Amino acid sequence: MKKSELASVVSSIVQKTKVLDVHTHLYSAEFGDLLLWGIDELLTYHYLVCETFLQAPMPYEKFWAMPKPKQAEYVWEHLFQKATPVSEATRGVVTTIRNLGFDPRTVTLNRLRQHFKSITVEEYIDTVFDNANLEAVVMTNNVFDHEEQTVWAKRRKRDPRFLAAMRIDPLLNQWGDAVPRLSKAGYKVKVKPDTATCREVRRFLADQADIMEPVYTAASLPPSFEYPEKSERGILLDNCILPFSRQRGIPFAMMVGVKKLINPDLHVAGDGVGKADIGALERLCQRNPENKFLVTYLSRENQHELCVTARKFHNLLVFGCWWFLNLPSVIAEITCERIELLGPRFVPQHSDARVLDQLVYKWEHSRKVIAEVLTAKYRDLMDAGWAVRKSDIERDVTAMFSGNFKNFASL
């Protein structure tokens with residue numbers, strides 16, 4: 001391959017290769033209203049709500065008291081009509097609107113609402129998957145969410161494009177709240193997790209897994225996360241979560257670094273970020289070699305240490321540029337760093353989408369950045385004297401977009 005052809009070949013391969021999106025907050029159509037989609041949901045996503053308060057402050061309680069359509073109109077007015085939508089979150093809305101076939105500069109909010117009223121959710125799922133070129137997405141399935149559990153109990157035929165992930169945050173982060181929920185569901189547990197309680201928690205996890213068939217278990221953890229830890233979290237991790245994941249042969253996904261509600265008046269938009277201790281992950285991988293850990297960190301400052309740690313442990317797979325890292329400039333930096341330290345053995349991105357429509361822009365934007373980084377790395381390799389073939393690029397991109405995760409999760 002000629003060096004002059006490299007950029008176009010890499011871009012073409014990155015665009016045409018299907019993605020398995022390893023972490024989203026989406027649901028398949030059978031979950032009903034739990035699946036968020038449409039222009040009002042897109043505009044009232046917490047990224048944009050937070051930005052709206054910067055552009056056009058109003059009393060928090062006044063905004064939250066408005067019905068969602070009114071909230072969407074407020075966001076539309078102040079971020080798209082009275083300001084230039086140059087932030088990544090607002091540019092994402094512009095990209096999505098354009099990909100739906102509308103002129104983002106001239107289309108009205110009412111026209112977009114009419115469009116979404118004219119289609120079914122099943123039709124829109126197909127449209128979005130085709131537009132984003134997705135093979136499948138992994139949901140986030142809360143083991144304590146009553147509405148979700150009602151759907152799982154019906155055991156309807158599942159859309160194979162939506163894989164389950166068993167989210168267990170309450171067990172590790174709010175054990176005091178989890179105890180009465182487990183007791184109500186028929187599991188004999190105590191506030192102080194003794195041997196019998198841990199046995200019951202493992203039974204609960206097994207029962208949930210039999211229903212969901214998760215591809216991994218997952219939890220979001222604070223920057224203060226430590227391992228080992230003499231606490232309820234430490235006891236439950238060592239005696240419940242890790243043994244269960246080991247027995248099932250599925251990874252434990254850790255998303256580390258979120259500081260919950262540093263501004264509670266912003267509701268779900270009020271979370272912040274903190275640097276975590278990578279030493280906890282090192283000890284976790286070293287002391288549990290038969291467990292598999294799928295890991296992402298929220299702080300930019302943690303990324304280099306994370307890459308170095310991933311070089312040392314084959315039972316660790318790094319994934320995505322999560323939340324506040326989902327910015328083109330940061331994605332480029334982190335992806336470049338990971339390639340230089342890990343080669344192609346990582347998952348470069350996940351969407352973290354909470355609204356179906358976000359899959360459109362998050363993957364379009366990410367593919368562009370990933371292609372640019374790969375082009376630069378292959379060019380460096382050609383300069384070093386290695387003849388890069390198209391088949392090499394196809395193999396690498398397929399691995400990063402789906403193969404690495406499938407192999408790690410034994411799919």
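Readers should treat all values here as calculations from the given coordinates under stated rules, not as data from a laboratory. Not measured: the values here are computed from a predicted model. A quick note on method: Cβ atoms are made from the backbone with ideal geometry, for glycine too, and the neighbour counts reach across all protein chains shown.
The order of the peptides 243-252, 107-116, 358-367 by mean Cβ neighbours within 10 Å, most packed first, is 358-367, 243-252, 107-116.
The lysines whose alpha-carbon is closer than 17 Å to the alpha-carbon of residue 275, local same-chain residues fewer than 8 away aside, are 259, 260. The alpha-carbon of residue 2 sits under 22 angstrom from the alpha-carbons of these lysines, leaving out residues fewer than 8 places away in its chain: 16, 368, 377, 390.
Dividing the summed helix terms, -39500 (n - 2.57) for each DSSP H run of n ≥ 4, by the number of residues in the chain produces a 222 nm estimate of -14500 deg cm²/dmol to the nearest 500.
Subtracting the Cα-Cα distance from 0.36 nm times the residue separation, let me have the gained length for residue 265 to residue 283 in nm, one decimal. Provide the component values of the computation, followed by the final result.
Working: separation 18, 0.36 × 18 = 6.48 nm, distance 3.67 nm.
Here the segment from residue 265 to residue 283 would lengthen by 2.8 nm.
For the chain, what is one quarter of the convex hull surface built on the Cα atoms, given in nm²? Numbers along the way, then the final one.
Numbers: hull surface 83.2 nm².
So the Cα hull casts an average projection of 20.8 nm².
Just how far, in whole angstrom, is region 340-411 from region 294-311 if you go by their alpha carbon centroids? Answer, in whole Å: 17.
Hey, can you list the DSSP H helices of the chain whose Cα span along the axis is 24 Å or longer and whose average Kyte-Doolittle score is at least -0.5? Passing helices, by number: 195-212, 358-383. Between residue 77 and residue 337, the distance separating the two model label sites (each 7 Å from Cα on the Cα→Cβ line) works out to 4.2 nm.
For residue 312, the aspartates and glutamates whose Cα comes closer than 20 Å to its Cα, not counting residues fewer than 8 places off in the same chain, are 226, 277, 282, 290, 301, 337, 340. Taking every C-alpha pair closer than 8 Å and separated by at least 6 residues, the mean separation divided by the residue count of the chain gives a relative contact order of 23 percent. In this simple spin-label model, placing a label point 7 Å from the Cα along the Cα-to-Cβ direction at both residue 380 and residue 230 gives a separation of 4.6 nm. Remark: for residue pairs 68/184; 184/230; 68/190; 62/184, the C-alpha separation exceeds 30 Å in 68/184; 68/190; 62/184. With N the number of residues in region 299-411, Rg(Cα) / (2.2 N^0.38 Å) evaluates to 1.07. Could you calculate the FRET efficiency of residue 311 with residue 153 from 1/(1 + (r/R0)^6), where r is the beta carbon distance between them and R0 is 41 Å, rounded to 0.05? It comes out at approximately 0.40.
If each residue of separation counts as 0.36 nm, what is the full-extension length gain between residue 390 and residue 329 once their alpha-carbon separation is subtracted?
Numbers: separation 61, 0.36 × 61 = 21.96 nm, distance 2.67 nm.
Stretched fully, the residue 390-residue 329 segment lengthens by 19.3 nm.
Taking 0.36 nm per residue of separation and subtracting the current Cα-Cα distance, fully stretching the chain between residue 108 and residue 64 would add 13.5 nm.
Cβ-Cβ distance of residue 4 and residue 118, R₀ of 41 Å, FRET efficiency by 1/(1 + (r/R0)^6): the value works out to about 0.35. With the charge dipole of the chain set up from +1 on Lys and Arg Cβ and -1 on Asp and Glu Cβ about the Cα centre, the Cα lying farthest toward the positive end among the listed residues 320, 201, 42 is that of 201. Once both labels are positioned 7 Å from their Cα atoms along Cα-to-Cβ, the gap between residue 210 and residue 126 label points is 3.6 nm. Region 9-73 and region 99-165 have Cα centres separated by 12 Å. Put in order of Cβ neighbour count within 10 Å, fewest first, the listed residues 255, 139, 1, 58 become 58, 1, 255, 139.
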